[in-house]
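Taking it in order: structure first as structure tokens, then the write-up.
The values are calculated or read from the model by the stated rules, or taken from the named source; none is laboratory data. Predicted model, so just to flag it, every value in this text is computed and none were measured. FYI the Cβ positions are ideal-geometry reconstructions off the backbone, even for glycines, and counts take in every protein chain you see. The area values use the complete protein model at the heavy-atom level, side chains included, leaving out ligands, DNA and RNA. Shrake-Rupley method; radii C 1.70, N 1.55, O 1.52, S 1.80 Å.
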Amino acid sequence: MFLYFRALSVGENSLQNNIIIYPNPANDFLNIRFDNPQNQNEQIIIYDIYGKAIFKSIIPSGTGNFTIDIRTFSQGIYLIHANGINSRFIKVN
């Protein structure tokens, strides 16, 4: 599995590019909130613990909140890559 990180220059006028994933653990829907929505479309990818991409979607520019239906996901730990940030969440039944 190859994941990359976007290098950001942090300056006085820079905005931090954070995401908040909730609830975590989750069992039906996963919510993603972007603190600094981008002015361009971004891709969100969810990987299972083996590195297989199991979900891909394009996030429209300016989106502040995004919800994913994870009811069909198996119980376990997942990696999420969105907006240049990597995180994880746990799916429970």
_Restricting to segment 53-87, count the residues that are assigned to a strand (DSSP E or B), without any contact (Cβ under 8 Å) to a residue 24 or more places away in the chain and open to solvent by 40 Å² or more (accessible area, probe 1.4 Å)._
4
*Give me the pairs: first residue in segment 23-52 and closer than 11 Å to Ile80 by Cα and open to solvent by less than 80 Å² (accessible area, probe 1.4 Å), second residue small (Gly, Ala, Ser) and assigned to a loop (DSSP other than H, G, I, E, B), beta-carbon distance under 9 Å, and six or more apart or on different chains, which are they?*
Asp48/Ser74
